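A quick write-up on the structure given underneath.
Readers should treat all values here as calculations from the given coordinates under stated rules, not as data from a laboratory. This one's a predicted model, so the numbers in the text were calculated from it and none came from an experiment. Cβ placement follows ideal geometry from the backbone for every residue including glycine, while neighbour counts extend to all protein chains displayed.
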Amino acid sequence: MKRRITFILNGEKMDIEVSPGQMLISLIKDDLHLHGTKKGCARGECGACTVIIDGKAVNSCLIPALKVQGSIVETIEGLSTPTRLHPLQQSFIENGAVQCGYCIPGTIMSAKALLDKKPCPTVAEVKMGIAGNICRCTGYVKIEKAILEAAQIISNSI
Amino acid sequence: MKIVGRSVERTDAVAKVTGAGMFITDFSLPGMLFGKTLRSPHSHARIVNIDSTKALALPGVKAVLTHENTPRKRFNTSATMTFTVPNTKPVLDQRIFDDHVRYVGDEVAAVAAVSEEIAEQALKLIQVDYELLPAVYDPLLAMESAALPIHPCREGKNIPGNIVRILYNDIDKGFEKSDVIVEGTFKLPVQKQAQLETQAALANADANGNLTVWSTTQTPHPTKIILSAVFGIANSKIRVLNPPYVGGGFGVRIGCSAKAEPIAAALSLATRKPVKIVYSREEDFIASDTRHGGYVFVRLGAARDGTFQALELKGILNAGAYCSFSVETPGVLGAMGLAVYCIPHANYYGHSVYTNTTPAGAFRGFGNTQAMSAIESAVDMMAAKLGIDALELRLKNIIKVGDPWCLPYPCQSTGLAECIKEGAKRIGWEERGKRITNDPHKRRGIGMGVSTHVSNSWPFCVDYDNAIITMQQDGSMQLAVGVPEIGCGSATTLAQLAAEILGVSFKRISVVQGDTAATPFDIGSHASRTLYAAGTAVLAAAQQLKREILQYAAEEYHISVEKLDIIDGVIKDIKSEGVFVELNEFVWQAHLRNRQFIGIGQTVPGNAPPWQAHFAEIEVDLTTGKIDVLKIVAAHDVGKAVNPQIVEGQIEGGVLMGVGYATTEEIRYDTKGRQQSYNYHNYMLPTAADRPEIEAVIIETCDPSGPLGAKGVGETGTTPTPAAIMNAVYDALGIRFMELPLNQERVYRAIKRLEERV
């Protein structure tokens with residue numbers, strides 16, 4: 001039996017029917033066709049499907065869609081406009097933090113949740129912030145550097 | 001050079017950071033069905049009976065395929081076993097489905113249904129009766145007379161293909177000349193690529209008899225040819241392409257490991273609908289190729305002054321249940337193992353052995369990681385026995401340009417000595433054995449390892465490249481090349497090469513790749529070859545295109561062609577720097593006169609050795625056995641670094657993969673042949689929180705065989721990392737480990753044994 005829920009997605013009010021067993025990742029990808037969120041394990045182990053719910057980075061493959069009723073949800077699509085990238089995205093590009101790219105949207109969302117709370121994180125805090133996001137390409141070196149640089153750029157612009 | 005050597009931003013980066021880049025999991029076709037695969041729960045069995053009646057009766061199920069209603073043609077999912085060079089016989093030991101299952105996870109049947117849920121349900125309704133057979137999991141046991149043959153083999157019990165023998169002068173004489181001999185047998189683990197996107201395929205067999213397969217493959221052209229052979233469909237009627245992005249590869253996608261492509265194609269041919277298969281993470285772990293585990297024996301002899309005299313190397317690898325790359329991997333193990341040092345007497349003997357475990361195949365490093373883990377440990381054992389510094393011993397014995405060696409192509413460049421010296425400086429080698437911690441329960445150590453590798457797979461498999469650059473009417477260009485972009489940055493670096501030759505801005509060149517319908521044959525993105533090998537074809541295409549343009553210009557302006565060049569997008573007189581015309585304008589005028597410029601490059605690239613020296617600093621907790629890898633310095637001779645930032649990224653990622661191999665990663669099997677680490681939570685990959693500091697150092701040489709001097713770098717970050725860590729652990733503890741990974745349990749037990757003895 002489908003149920004109607006309302007929530008905010010990337011700043012836009014959503015009013016949509018979801019199935020009781022449906023996970024948030026399926027709502028985002030299959031129903032709303034936002035494909036930036038990636039599926040890597042479907043068990044909350046890789047972080048590729050990370051989105052932000054009410055300021056917290058979570059694995060969307062573990063969250064029942066029904067649970068986002070009344071919440072504010074952000075996905076990678078909410079970060080940029082067609083003409084302007086988020087400083088994190090810009091920094092990932094400039095630092096060469098992108099290789100195959102499959103983990104990148106989830107990692108950027110984890111980083112954003114961190115910077116939203118801690119605008120000037122330490123190296124250790126950055127590491128812990130993305131410890132749930134597995135990347136098999138980069139060795140994390142340039143990813144961490146990109147996040148630290150983006151933090152600086154964001155802080156300077158405030 | 002203007003563009004080559006610069007860290008320009010990757011051309012695929014915006015699509016990837018915004019999430020707009022499409023991977024196979026992201027797209028669907030109208031009317032698409034979902035495919036699911038039934039896998040064997042037994043490690044070795046015959047299928048006595050299989051009944052799909054109930055599954056077919058489930059509403060929403062459109063097809064159920066088993067060994068009874070799919071093509072029986074034998075094939076090999078590995079690209080190179082399909083393209084063996086003349087005189088080597090391919091090992092074709094796989095079918096889409098067989099009535100004989102050989103490992104837990106082997107494909108038994110597949111379902112196409114209108115939803116994933118219904119397909120899953122239908123799998124449970126397929127009734128299979130198995131007759132269980134004795135199984136064997138260790139390669140040494142699988143060769144014994146008591147073991148059951150898993151496949152018929154020519155060279156010995158359960159040995160796929162040929163035994164590899166490399167003889168280099170009389171080995172016995174070498175040991176006679178040796179004052180000191182060290183030896184050991186190393187047991188190496190099974191590692192998983194664990195790329196972020198699982199194996200997947202979407203097949204569409206249309207009404208006209210064409211088959212299109214969107215695939216995660218690293219080798220679209222070979223995968224097309226495999227599918228063509230399996231289904232008896234002409235090469236020209238099959239199109240294999242990437243979506244365009246592929247979520248990592250590391251070797252597992254060279255061909256169609258785990259058979260998502262042939263199974264999706266069979267389901268689509270049966271239903272005449274598009275069928276998509278995306279393997280679960282568990283399926284990817286248990287059914288797609290792994291790194292070869294196994295045994296490497298090494299015996300090294302040296303004169304008192306440290307000059308190496310003899311190296312005997314033997315590799316017995318675990319092939320798993322199907323051959324895949326199990327003939328080539330022991331070959332590379334031996335070839336690369338013997339290539340690092342100048343040793344007058346050397347001998348290699350190696351092969352794989354079938355067992356009832358997940359097939360082993362291509363994985364970054366490809367046998368070389370196994371070889372160097374053992375050899376570089378032995379070199380340190382030798383240094384200790386001789387009382388010579390391990391770094392000096394290496395400097396004394398490494399191959400130099402012009403030295404004779406066992407490989408069928410010359411060593412035309414090496415920066416290894418410089419890599420060793422620069423790396424040593426950055427790790428603080430002179431402090432080896434002297435670094436102390438304030439914590440009495442902890443010890444520190446420094447170690448090193450060196451290696452070489454290939455930049456290409458020639459002459460070991462069929463290997464040639466094509467590139468086409470088509471001038472567009474506005475002066476922009478389209479470069480078509482058959483290697484896919486699996487994350488290594490080839491879309492960017494190949495365009496950099498073309499732009500350098502053509503004298504235009506790199507942004508003018510768009511790259512079309514990873515699509516058999518848009519590109520001529522290319523063996524694919526593997527063997528650290530993408531930039532090196534496809535690069536030579538791109539270079540040739542760019543040179544031809546430039547010649548065409550300048551010849552036309554020479555006629556137009558009545559000037560000798562030698563006097564013309566394209567500089568910054570302008571056709572100029574080289575001497576006077578006099579401007580004739582902007583390239584854009586010239587190309588448009590040519591178009592109006594019915595002329596388009598096209599450059600075609602067709603090359604059979606050679607091969608060249610990249611060189612690596614890695615240094616590790618580690619800390620061991622004596623109370624827990626936990627090893628913390630603190631720092632890895634990775635100094636690499638990459639030839640010319642076309643895009644240094646991309647080169648660093650390749651090295652850094654490879655290093656961390658090597659750290660995982662050395663310390664935590666391992667697929668283990670229980671007594672029934674079931675993987676005990678089949679998901680990320682129980683297969684321990686390094687995360688950002690536990691990675692060491694990684695310092696990638698680029699040492700540039702110029703290899704005459706590579707495009708503008710470039711050599712391979714894709715795999716080399718992994719190869720010497722485990723040995724550097726093993727040697728650092730020896731430095732810290734005085735314990736020589738002969739088995740990987742150096743996980744907490746293994747190290748703790750070794751420390752306890754040592755303490756009991758003292």
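Assorted remarks:
- Projected area, mean over directions - the stretch A:17-82, Cα convex hull, nm²: 4.5 nm²
- Summed residue charge, Cβ within 10 Å of B:A109's Cβ, Lys/Arg positive, Asp/Glu negative: 0
- Efficiency of FRET between A:R43 and A:N156 - r from beta-carbon atoms, R0 30 angstrom, step 0.05: 0.15
- Straight Cα distances below 18 angstrom link B:K54 to the lysines B:K36, B:K62, B:K124, with same-chain residues fewer than 8 positions distant left out.
- Translational diffusion of chain B, µm² s⁻¹ [Kirkwood Rh, Cα pairs; Stokes-Einstein; 10 °C; 1.306 mPa s]: 59 µm²/s
- For B:L33, nonlocal amide neighbours, meaning residues 5 or more places apart or on other chains whose placed amide H falls under 5 Å from its own, are B:V275, B:K276.
- Dipole orientation for chain B: of the candidates B:F460, B:V629, B:A541, B:F460 has the Cα lying most toward the positive pole (charges on Cβ; Lys, Arg +1; Asp, Glu -1).
- A protection proxy built from the mean count of other Cβ atoms within 10 Å ranks the segments B:286-297, A:65-76, A:30-41, B:436-447, most packed first, as B:286-297, A:30-41, A:65-76, B:436-447.
- Cβ neighbours within 10 Å from other chains - mean over A:90-97: 5
- Computed E for B:A303/B:I163 - FRET, C-beta separation, R0 22 angstrom, nearest 0.05: 0.10
- Taking a ≥ b ≥ c as the square roots of the eigenvalues of the alpha carbon gyration tensor, the protein assembly as shown is rounded, as a/c is under 1.5.
- Local net charge near A:K142, Cβ-Cβ under 9 Å (Lys/Arg +1, Asp/Glu -1): -2
- Candidate lysines for bridging to B:K626, where Cα separation is under 19 Å - those fewer than 8 sequence places away on the same chain excluded: B:K442, B:K752
- Burial ordering of A:K142, B:K16, fewest other beta-carbon atoms within 10 Å first: A:K142, B:K16
- Stretching A:K2 away from A:T83 to a fully extended chain increases their span by 25.4 nm, per 0.36 nm per residue minus the current alpha-carbon distance.
- Taking the convex hull of Cα positions in the stretch B:534-574, its mean projected area over all directions (nm²): 2.9 nm²
- Normalised by the number of residues in chain A, the average gap of Cα pairs under 8 Å and 6 or more apart makes the relative contact order 23 percent.
- Note on A:34-47: average number of Cβ atoms from other chains within 10 Å of each residue's Cβ is 6.
- When each of the peptides B:613-626, B:566-579 is scored by the mean number of other C-beta atoms lying within 10 Å of its residues, the order from highest to lowest reads B:613-626, B:566-579.
- Computed from point charges on the beta carbon alone (+1 for Lys and Arg, -1 for Asp and Glu), the dipole magnitude for the protein assembly as shown about its Cα centre is near 1140 Debye.
- Percentage, to the nearest whole number, of Cα pairs in the stretch A:54-150 over 20 Å apart: 36 percent
- Ellipticity estimate at 222 nm from DSSP helix runs (n ≥ 4, -39,500 (n - 2.57)) divided over chain B, nearest 500: -8000 deg cm²/dmol
- Computed packing ranks the peptides B:111-122, B:261-272, B:525-536 as B:525-536, B:261-272, B:111-122, most packed first, by mean other Cβ atoms within 10 Å.
- Debye log10 I(q)/I(0) for the stretch B:301-443, one point scatterer per Cα, at q = 0.12 Å⁻¹: -0.62
- Distance between the modelled labels on B:S505 and B:R746, one decimal in nanometres: 5.3 nm (7 Å Cα→Cβ projection).
- Shielding of peptide B:7-15 by partners, expressed as the average count of other chain Cβ atoms within 10 Å per residue Cβ, is 4.
- DSSP-assigned coil residues among trypsin sites (Lys or Arg not before Pro) in the stretch B:72-152, each with at most 12 further Cβ atoms within 10 Å: B:R72
- Acute angle (nearest 10 degrees) that the helix A:141-157 long axis makes with the longest principal axis of chain A, alpha-carbon atoms: 90 degrees
- The angle separating the long axis of helix A:104-117 from the principal Cα axis of greatest extent in chain A is about 80 degrees.
- Contact order for the stretch B:409-556, expressed relative to its length and based on alpha carbon pairs under 8 Å spaced 6+ residues apart, stands at 25 percent.
- Antiparallel bridge percentage (DSSP; both residues within the protein assembly as shown; nearest 5): 75 percent
- Here is the list for the stretch B:333-407: trypsin sites (Lys or Arg not before Pro) lying in DSSP coil, each with at most 13 other C-beta atoms within 10 angstrom of its C-beta, are B:K400.
- Neighbour-limited loop hits for chymotrypsin sites (Phe, Trp or Tyr not before Pro), the stretch B:1-47 (at most 14 other Cβ within 10 Å; DSSP other than H, G, I, E, B): B:F27
- Cβ-derived FRET efficiency at R0 51 Å, B:I181 paired with B:L148, nearest 0.05: 0.85
- Working note: Karplus 6.51/-1.76/1.60 with θ = phi - 60° gives the stretch A:44-51 the couplings x, 10, 10, x, 5, 9, 4, 10 Hz, where Gly and Pro are set to x.
- Whole-number D in µm²/s for the stretch B:203-339 (Stokes-Einstein; Kirkwood sum over Cα pairs; 20 °C, 1.002 mPa s): 122 µm²/s
- Cα convex hull volume per residue for the stretch B:79-195 (Å³): 218 Å³
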